[in-house]
């Protein structure tokens, strides 16, 4: 009766072959992770907003608000000015230290429509002073991650919103200017 080996080859050649296969697998994983295709694009690239701001200040039927200088770690990621048929809107979105978001939005549409359009913070709260102007604070009605400040004017509603505290929004709102 002949004996048949079962399992793996227990000779030195079998061990060397298994080690080589493991090393090749490790090398392949290293190459793929080190040199593999990576998405190099920033999910929220920085945008310049001064050109849009200048155009908006010329075209808008209201005084367009924007910061004269961004705090360290803040960068503009979205800017938009639109107008047609008497309606006009301005938006500047900022990323705060690559983590939180703050925006200033202004528009000639109904205040409650603009608020619902630009922020989940739709629950009215206390009034707060921003400089010498009284704004109304809004919250998200939940965990407090989304907050907004709203200033209703005769011809324009201004909304400062974000995923930061109301105190940070107040500081940002205080930095807003209607002209350079």
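Values in this text are rule-based calculations from the coordinates and carry no lab data. These figures come from a predicted structure and were not determined experimentally. Because the Cβ atoms are built from the backbone with ideal geometry, glycine has one as well, and the counts that use them run over all protein chains shown.
Remarks
- Candidates 89, 158, 112: whichever shows maximal mean-square fluctuation once the chain is modelled as a Gaussian network with Cα springs under 10 Å: 112
- Once the Cβ-Cβ distance of residue 84 and residue 127 is raised to the sixth power relative to R0 = 41 Å, the FRET efficiency obtained is 0.80.
- Gain on full stretching of the segment that runs from residue 24 to residue 47 - 0.36 nm per residue minus C-alpha separation: 3.8 nm
- Dividing the helix sum by the residues of the chain, where each DSSP H run of 4 or more adds -39500 (n - 2.57), gives a mean residue ellipticity at 222 nm of -9000 deg cm²/dmol.
- Stretching residue 134 away from residue 69 to a fully extended chain increases their span by 21.1 nm, per 0.36 nm per residue minus the current alpha-carbon distance.
- Contour excess over end-to-end distance, with Cα ends at residue 15 and residue 31 and 0.36 nm allotted per residue: 3.3 nm
- Considering only alpha-carbon pairs that sit under 8 angstrom and 6 or more positions apart, the relative contact order computed for the chain is 17 percent.
- Under the Debye formula (equal points on every Cα, no solvent term), log10 I(q)/I(0) of the stretch 50-177 at q = 0.10, 0.12, 0.17, 0.21 Å⁻¹: -0.28, -0.40, -0.84, -1.30
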